[in-house]
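K.L.:
Quick one: structure below, then a few questions.
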Amino acid sequence: VYVFGSERGCKSIIIPGSCNAQPFDKLDVKMLEPIFRWNQGVTYVYLSLECQTVATEIAAQLSKLRFVTDVTLEGWSDPIAIHKILMACKQVELLDAYSI
């Protein structure tokens, strides 16, 4: 997980694919909770394909962030999971979902 921004809080959260190429699970999301909680000013979120399986749990965390305007979903193909993320981020202006 990469977090970029000023010293008072990051502006971008990037969650790349897992090292073992396995989908993330609820334990992984639990480990990400502090990153979302401590960085309320995030404006950009990048979620890899491995995050698609836990979209519901990630959406719950994203719904607490009020300034997210850009979201990138790498390789996501499940319309229900994409919809959950979109509905959680009420201020999204740009949703980029692409496949490699």
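K.L.:
Is there any pair linking a residue in segment 5-20 that is modelled with pLDDT of 70 or more to one that is acidic (Asp, Glu) and not in a loop (DSSP other than H, G, I, E, B), with Cβ under 7 Å and at least six apart or on different chains, and which?
P.N.:
Between residues of segment 5-20 that are modelled with pLDDT of 70 or more and residues that are acidic (Asp, Glu) and not in a loop (DSSP other than H, G, I, E, B), the close pairs are Gly17/Glu50; Ser18/Glu50.
K.L.:
Still on this structure: Just the residues that are of a type in the set (Ser, Thr, Tyr) and over 16 Å from Cys89 (Cα atoms), please, taken from segment 13-59.
P.N.:
Of all residues in segment 13-59, those of a type in the set (Ser, Thr, Tyr) come to 18, 43-44, 46, 48, 53, 56.
If the condition is that a residue be of a type in the set (Ser, Thr, Tyr) and over 16 Å from Cys89 (Cα atoms), then Ser18, Ser48, Thr53 are the ones that fit.
K.L.:
If the Cβ limit is 6 Å and pairs must be 6+ apart or interchain, which residue in segment 76-100 that is under 26 Å from Gly41 (Cβ atoms) pairs with which residue that is charged (D, E, K, R)?
P.N.:
Taking only residues 6 or more apart or on different chains, the pairs are Leu94/Asp70.
K.L.:
Quick one: would you say Ala55 is touching a helix residue (DSSP H, G or I) at 6+ places or on another chain (Cβ under 7 Å) and surrounded by fewer than 19 Cβ atoms within 10 Å (Cβ to Cβ)? Can you show your working first?
P.N.:
Values: touching a helix residue (DSSP H, G or I) at 6+ places or on another chain (Cβ under 7 Å): yes; surrounded by fewer than 19 Cβ atoms within 10 Å (Cβ to Cβ): no.
Here the answer is no, as Ala55 does not meet what is asked.
K.L.:
Kindly establish whether Leu62 is of a type in the set (A, V, I, L, M) and over 18 Å from Met87 (Cα atoms).
P.N.:
No.
K.L.:
Also, quick follow-up: Taking segment 60-75 on its own, how many of its residues are crowded, with 20+ Cβ neighbours inside 10 Å and closer than 11 Å to Glu93 by Cα?
P.N.:
Selection size over segment 60-75: 2.
K.L.:
Filter segment 76-100 for residues that are open to solvent by less than 60 Å² (accessible area, probe 1.4 Å) and within 16 Å of Lys11 (Cα to Cα) and give the result.
P.N.:
Cys89, Val92
The values are calculated or read from the model by the stated rules, or taken from the named source; none is laboratory data. Note that the structure is a prediction, hence the values are computed from the model and not measured. Positions of Cβ are generated from backbone atoms using ideal geometry, with glycine treated the same way; all protein chains shown enter the neighbour counts. Surface accessibility is based on the protein's heavy atoms, side chains included, excluding ligands, DNA and RNA. Shrake-Rupley method; radii C 1.70, N 1.55, O 1.52, S 1.80 Å.
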